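Participant: My questions all concern the structure below.
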Amino acid sequence: MKKILILSANPINTKNLRLDEEVREIQAAWERALNREKFELINKGAVRIDELRRTLLDHKPQIVHFSGHGTGTNGLVLENNSGSAQIVSTESLSRFFELSKEQVECVLLNACYSETQAEAIFQHIDCVIGMGQSIPDNSAILFSKGFYDAIFGGRNYADAFQFGCNNIDLNNLSEFNTPTIKIRHRDFSPEDSITTQPYTPLFFIGTVVFGLIISLLGLFQLVHNNDSGLITHILLGFGLITFWLCCAYIYYPSSRIAGFNINFFRRFKQYKKLRRLALAGMVIIPLLGITGFYILELPTKNIIVLIADFETSAEQKNYGVTKRIFNKLDNAFQQSTDVKVQRLNKIITNRQDALSEGESHKARIVIWGDYDVTSTNTLLSPHFEVLQTPKGYLPTISSLEQTASISELNNFKLQLRLSTEMSYLTHFTVGLIRYTVSDWKQAITYFSEALEQGNDSNKALNQEIVYFYRGTSYFYKKDYDRAIADYNQAIKLDPNDAQAYNNRGISYFYKKDNNRAIADYNQAIKLDPNYAEAYNNRGNSYGNKKDDDRAIADYNQAIKLDPNLAQAYYNRGYSYANKKDYDGAIADYNQAIKLDPNYAHVYYNRGLSYFYKKDYDGAIADYNQAIKLDPNYAQAYNNRGNSYGNKKDDGRAIADYNQAIKLDPNYAQAYYNRGNLYGNKKDDGRAIADYNQAIKLDPNLAQAYYNRGLSYVNKKDYDRAIADYNQAIKLDPNYAEAYYNRGLSYFYKKDYDGAIADYNQAIKLDPNLAQAYYNRGLSYANKKDYDLAIADYNQAIKLDPNDADAYDSRCELYRIKKDYDRAIANCNQAIKLDPNLTDSYYNRGLVYKNKGNKDKAIQDLKKILQLNDDVELNQKAKQELKELSTK
């Protein structure tokens, strides 16, 4: 039986409400109902706070109806012990109904402005009705009448709410939109006795059992058979979906799934808790499924070697070949916790099936094949499929920016006799397994032991394969000489092995023997004209020889043969960058990133291209991504620092240089760049310290000597500056700026002849170096060779028409030569270019004084006092003004 508790309160000194009439209408609706025996009405008037609590605890109603006054956000109005108004806050009501949430299904607040309380109570109760604004007595009574007629007629709460609103509307009252409902399930019904199909619980239980069986079958496939293939995925997925549907079946209280009414679970007293558990299941099951399938796709921590049953055409097939191979390998790995040898227990007859089974079992190596029986031997022909190789792992050499493509033997076949050569097979297989996990030292040991099993009478052991793998292991250890020796042996045994030539070429490449590398790539291409990696690698060697056109031609061919070879796009981009075709480089880097989004070097080099295009934001974005992919990428920090430096963001630039140095304390370029930044900030002490360290790490870094010389000049230590310029010139005899700045140091030491000699050399190396002409002019002027000085100023102005200093210096010489008109013209131009150039005002003032134009002279000299804080020049201007004032 469903209990309905009607509470009402109309305290003293509040507006009188027609609460008794509302209760009578509810009572009348109950009496009219055909199924009134299913409902019990409990009426409690003049409700006080203590009575509210006791009434709910005593009667345990499913519907709580309140009629009375509301105050909006403050709460509802009840009565205190004296009958006066007492407001119960919204928060208190919410907490009160939280304590009753296990029994109460619906709360109806038939009070003005009670929507706020309804919203708060809805946190805990599934259906709450409130009033959005003030509601007159008549409308409130009509709503209750319509609502309970529907409830007693067997309709759900949502429908009953609509009947209540409609009853207001039918009576032509405007408040039909005032009631508001908060409900979680629109079909939520108040009926206590609900008819369910007799087979509903049986169907549900059967579904759960069926899902459990399917899931267990999937787990058995996964755990016992170590099979994570498609069938296992389907079984596990079907089981999870079944369990999820069961949770949905419980959670939605009166919806229908596949035609079955699922109100069966509402019979349980703890139904609300059950629904919450079902909701949790609906969330957790998909998360578990996604996580589980993700984990299934992850590579296994174990190194799995999968052995298929060996096939034979012999009449007698029970030779235990597969078992003997399995036992040999299993015994060999007894002490290895990371290797697991598994039998497939079925025959594989082709490579595609071997690859498919290997992927399904997450194997690194699949061994399959056949055997033949003679009168004296069992001849074994095992095939090896290597599914996971260290491809992409290459030694790093800072001076080599291109990426080579090492070749791997992903499938091959051995020929051996089962009776005498199992040790060879075992040692080779163990070496191959260590190879696949980049354990080069152990791989070399086992390959060497396998080779020791061979002798002059056993030439059918395919030793060229072992030499190939051992050579590649030496290569990865950067032992290029031994790698080359093994590739030599592999080529001797099999002169048509294009991959061996390719890998030997890469070894020569890393030894910077580009000519031999190219010769090997040529032979690899001759043996296999479609060998894309060989073209790519030959392009790298041409790139190292600064032959970018040939390099690009080889990269083009590699891309033509293999459009998905990301390394070829990357390397071609690098060659375009060398040719200063930065747009072409960026286009290739884009394609390389599209093919391999996790390649940090490509982002780094694309960042360099953006940097050279002065797109510093684009460069920084790429360096960010490179650092994200490789947090230890010191060069990326260094070059990001350069970009920040060009954006005048010195703080971030220095932070990046610091990080680059932290990651690589021997990174001379990072010290050099940080020194440049300190130099730009006039912090010459720190700048010199960084240049010292850069030079210590790289004594041939000419620019570090040059820039340290600049810092010494700022400190007026001209002798040390000259010594550094000398070293920069020694390292780079064509360093025009070094000659120019050494000339400046000689100039500051008043060695004008030494200065002129250096300016001459700077101009010879760079005829467009305007400042060299200007400063040579200053040196000539100090030697009082005014005509040569003016000639140099002329050339400086020709090269740089906006050089105000050159016009000013030429003005001064014309003044000295008493060519006043030319002097004034030059001073005018200097002031036009730089209105704050006080030297020009001084020179022009003296010219006006000499021409007898006292007013203009005074005007220019006073301008100096307004603009200049140079004490010496101000003193000169004051002296001239004093002389003019006495005339």
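Participant: Residues that are more than 19 Å from Arg364 (Cβ to Cβ), at pLDDT 70 or above and not in a strand (DSSP E or B): does the stretch 293-306 have at least one?
Facilitator: First, pick out the residues of the stretch 293-306 that are more than 19 Å from Arg364 (Cβ to Cβ): 293-294.
Imposing the further condition that a residue be at pLDDT 70 or above reduces the set to none.
Scanning the stretch 293-306 turns up no residue that is more than 19 Å from Arg364 (Cβ to Cβ), at pLDDT 70 or above and not in a strand (DSSP E or B).
Participant: Assuming Asn598 fulfils every condition listed in (1) in a loop (DSSP other than H, G, I, E, B); (2) in contact (Cβ under 8 Å) with a residue 24 or more places away in the chain; (3) farther than 24 Å from Arg572 by Cβ apart from one, which condition is it?
Facilitator: Only one criterion in (1) in a loop (DSSP other than H, G, I, E, B); (2) in contact (Cβ under 8 Å) with a residue 24 or more places away in the chain; (3) farther than 24 Å from Arg572 by Cβ is unmet by Asn598, namely (3).
Participant: Go over the candidates Ile121, Ile87 one by one and state the one that is hydrophobic (A, V, I, L, M, F, W, C), closer than 22 Å to Ile151 by Cα and assigned by TED's automatic domain parsing to the domain that holds Phe176. Break it down into steps so the answer makes sense when it comes.
Facilitator: On the way: Ile87 fails: closer than 22 Å to Ile151 by Cα.
On inspection, the qualifying residue turns out to be Ile121.
Participant: Check the stretch 752-765 and report whether any residue there is part of a loop (DSSP other than H, G, I, E, B) and of a type in the set (A, V, I, L, M).
Facilitator: Scanning the stretch 752-765, I find no residue that is part of a loop (DSSP other than H, G, I, E, B) and of a type in the set (A, V, I, L, M), so the answer is no.
Participant: What are the residues in the stretch 146-202 that are within 23 Å of Thr116 (Cα to Cα), at pLDDT below 55 and of a type in the set (Ser, Thr, Tyr), if any?
Facilitator: Matches in the stretch 146-202: none.
Participant: Mind listing whichever residues of the stretch 143-184 are crowded, with 21+ Cβ neighbours inside 10 Å, more than 58 Å from the chain's Cα centre (by Cα) and of a type in the set (A, V, I, L, M, F, W, C)?
Facilitator: Those that are crowded, with 21+ Cβ neighbours inside 10 Å, more than 58 Å from the chain's Cα centre (by Cα) and of a type in the set (A, V, I, L, M, F, W, C): Phe143, Ala150, Phe152, Ile168.
Participant: Moving on. What tally of residues in the stretch 798-812 results from selecting those that are surrounded by fewer than 20 Cβ atoms within 10 Å (Cβ to Cβ) and over 11 Å from Asp834 (Cβ atoms)?
Facilitator: Qualifying residue count, the stretch 798-812: 4.
Participant: Oh, and also: Of the residues in the stretch 96-142, how many are crowded, with 23+ Cβ neighbours inside 10 Å and at positive phi?
Facilitator: Within the stretch 96-142, residues that are crowded, with 23+ Cβ neighbours inside 10 Å and at positive phi number 0.
Participant: Give me the pairs, please: first residue somewhere in the stretch 783-802 and closer than 14 Å to Ile763 by Cβ, second residue anywhere and not in a helix (DSSP H, G or I), beta-carbon distance under 7 Å, and either six or more positions apart or on two chains.
Facilitator: Sorted first by the residue in the stretch 783-802, then by its partner, the pairs are Ala796/Asp803; Leu799/Asn768.
Participant: Here is a list: Phe66, Phe96. Which entry is in contact (Cβ under 8 Å) with a residue 24 or more places away in the chain, in a helix (DSSP H, G or I), under 17 Å from Glu119 (Cα atoms) and in the same structural domain as Pro136 (by TED's automatic domain parsing)?
Facilitator: On the way: Phe66 fails: in a helix (DSSP H, G or I).
On inspection, the qualifying residue turns out to be Phe96.
Participant: Give the stretch 468-497 a look and list any residue that's free of Cβ contacts under 8 Å to residues at least 40 places away in the same chain and in contact with a Leu (Cβ under 7 Å, 6 or more places away or on another chain), or say none.
Facilitator: The one that is free of Cβ contacts under 8 Å to residues at least 40 places away in the same chain and in contact with a Leu (Cβ under 7 Å, 6 or more places away or on another chain): Asn496.
Participant: Let me ask something else. Yes or no: the stretch 765-774 includes at least one residue that is surrounded by fewer than 20 Cβ atoms within 10 Å (Cβ to Cβ), within 20 Å of Ala877 (Cα to Cα), within 60 Å of the chain's Cα centre (by Cα) and not polar (S, T, N, Q).
Facilitator: For the stretch 765-774, residues surrounded by fewer than 20 Cβ atoms within 10 Å (Cβ to Cβ), within 20 Å of Ala877 (Cα to Cα), within 60 Å of the chain's Cα centre (by Cα) and not polar (S, T, N, Q): absent.
Participant: So which of Ala789, Ala781, Ala804 ends up being within 54 Å of the chain's Cα centre (by Cα) and of a type outside the set (Val, Ile, Thr)?
Facilitator: Working: Ala789 fails: within 54 Å of the chain's Cα centre (by Cα); Ala781 fails: within 54 Å of the chain's Cα centre (by Cα).
Being within 54 Å of the chain's Cα centre (by Cα) and of a type outside the set (Val, Ile, Thr) holds for just one of Ala789, Ala781, Ala804, which is Ala804.
Participant: Taking the criterion of being in a helix (DSSP H, G or I), among the hydrophobic types (A, V, I, L, M, F, W, C) and under 21 Å from the mean Cα position of the chain (by Cα), would at least one residue in the stretch 551-565 satisfy it?
Facilitator: Checked the stretch 551-565: no residue is in a helix (DSSP H, G or I), among the hydrophobic types (A, V, I, L, M, F, W, C) and under 21 Å from the mean Cα position of the chain (by Cα).
Participant: Need the failing condition index for Arg640 against (1) touching a Gly at 6+ places or on another chain (Cβ under 9 Å); (2) assigned to a loop (DSSP other than H, G, I, E, B), just the number.
Facilitator: (2)
Participant: Just to check your reading of the model, which residue among Asp753, Asp717 is charged (D, E, K, R), within 25 Å of Gln795 (Cα to Cα) and surrounded by fewer than 20 Cβ atoms within 10 Å (Cβ to Cβ)? Spell out the reasoning first.
Facilitator: Working: Asp717 fails: within 25 Å of Gln795 (Cα to Cα).
Answer to the selection: Asp753.
Participant: Let me ask something else about it. Examine the stretch 699-708 for a residue that is out of contact with any Gly (no Cβ under 8 Å at 6 or more places or on another chain), small (Gly, Ala, Ser), part of a helix (DSSP H, G or I) and within 17 Å of Gly679 (Cα to Cα), and state whether such a residue exists. Give the steps one after another, and end with the answer.
Facilitator: So in the stretch 699-708, the residues out of contact with any Gly (no Cβ under 8 Å at 6 or more places or on another chain) come out as 699-703, 705-706.
From what's left, small (Gly, Ala, Ser): 702.
Those left that are additionally part of a helix (DSSP H, G or I): 702.
After this cut, where a residue has to be within 17 Å of Gly679 (Cα to Cα) as well, the list is 702.
Yes; the residues of the stretch 699-708 include at least one that is out of contact with any Gly (no Cβ under 8 Å at 6 or more places or on another chain), small (Gly, Ala, Ser), part of a helix (DSSP H, G or I) and within 17 Å of Gly679 (Cα to Cα).
Participant: Where the second residue is surrounded by fewer than 16 Cβ atoms within 10 Å (Cβ to Cβ) and the first is closer than 15 Å to Leu108 by Cβ and lies in the stretch 159-177, which pairs have Cβ atoms under 8 Å and are six or more apart or on separate chains?
Facilitator: Cys165/Asn177
Participant: I've got another one for you. Is it true that Gly584 is surrounded by fewer than 22 Cβ atoms within 10 Å (Cβ to Cβ), at pLDDT 95 or above and touching a Phe, Trp or Tyr at 6+ places or on another chain (Cβ under 7 Å)? Lay out the reasoning, then the answer.
Facilitator: Values: surrounded by fewer than 22 Cβ atoms within 10 Å (Cβ to Cβ): yes; at pLDDT 95 or above: yes; touching a Phe, Trp or Tyr at 6+ places or on another chain (Cβ under 7 Å): yes.
When the stated conditions are applied, Gly584 passes them.
Participant: Looking at the stretch 529-540 only, could you name the residues that are of a type in the set (Gly, Ala, Ser) and either closer than 12 Å to Ser575 by Cβ or in contact with a strand residue (DSSP E or B) (Cβ under 9 Å, 6 or more places away or on another chain) (or both)?
Facilitator: As a first pass, look at the stretch 529-540 and keep what is of a type in the set (Gly, Ala, Ser): 532, 534, 539.
Answer for the stretch 529-540, where residues must be of a type in the set (Gly, Ala, Ser) and either closer than 12 Å to Ser575 by Cβ or in contact with a strand residue (DSSP E or B) (Cβ under 9 Å, 6 or more places away or on another chain) (or both): just Gly539.
Participant: Are there any pairs, at least 6 apart or on different chains, whose C-beta atoms fall under 6 Å, with the first in the stretch 607-618 and surrounded by 19 or more Cβ atoms within 10 Å (Cβ to Cβ) and the second outside any helix (DSSP H, G or I), and if so, which?
Facilitator: Partner pairs satisfying both residue conditions: Tyr616/Lys647.
Participant: Within the stretch 655-678, take every residue that is small (Gly, Ala, Ser) and either modelled with pLDDT under 95 or within 9 Å of Gln693 (Cβ to Cβ) (or both) and give me the one that is farthest from the chain's Cα centre (by Cα). Let's see the steps before the verdict.
Facilitator: We begin by selecting, within the stretch 655-678, every residue small (Gly, Ala, Ser); these are 655, 660, 668, 670, 675.
If we keep only those that are either modelled with pLDDT under 95 or within 9 Å of Gln693 (Cβ to Cβ) (or both) too, we end up with 668, 675.
On the way: Ala668: 29, Gly675: 31 Å.
Top of the filtered list is Gly675.
Participant: Given Ala806, Ala825, which one is part of a helix (DSSP H, G or I) and touching a Phe, Trp or Tyr at 6+ places or on another chain (Cβ under 7 Å)? Walk me through it before giving the result.
Facilitator: On the way: Ala825 fails: touching a Phe, Trp or Tyr at 6+ places or on another chain (Cβ under 7 Å).
Just one listed residue meets the conditions, Ala806.
Participant: Among Glu22, Glu31, Glu37, which is surrounded by 16 or more Cβ atoms within 10 Å (Cβ to Cβ) and either assigned to a helix (DSSP H, G or I) or out of contact with any helix residue (DSSP H, G or I) (no Cβ under 9 Å at 6 or more places or on another chain) (or both)?
Facilitator: Values: Glu31 fails: surrounded by 16 or more Cβ atoms within 10 Å (Cβ to Cβ); Glu37 fails: surrounded by 16 or more Cβ atoms within 10 Å (Cβ to Cβ).
Of Glu22, Glu31, Glu37, the one residue that is surrounded by 16 or more Cβ atoms within 10 Å (Cβ to Cβ) and either assigned to a helix (DSSP H, G or I) or out of contact with any helix residue (DSSP H, G or I) (no Cβ under 9 Å at 6 or more places or on another chain) (or both) is Glu22.
Per-residue answers, yes or no, for (1) surrounded by 17 or more Cβ atoms within 10 Å (Cβ to Cβ); (2) hydrophobic (A, V, I, L, M, F, W, C):
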| site | (1), (2) |
| --- | --- |
| Ala655 | no, yes |
| Lys662 | no, no |
| Tyr667 | yes, no |
| Asn673 | yes, no |
| Gly685 | no, no |
| Ile688 | yes, yes |
| Ile695 | yes, yes |
| Ala704 | yes, yes |
| Gly709 | yes, no |
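The values are calculated or read from the model by the stated rules, or taken from the named source; none is laboratory data. Fair warning: this is a prediction, and the values are worked out from it, not measured in the lab. Please note: Cβ atoms are built from the backbone with ideal geometry, for glycine as well, and neighbour counts cover all protein chains shown.
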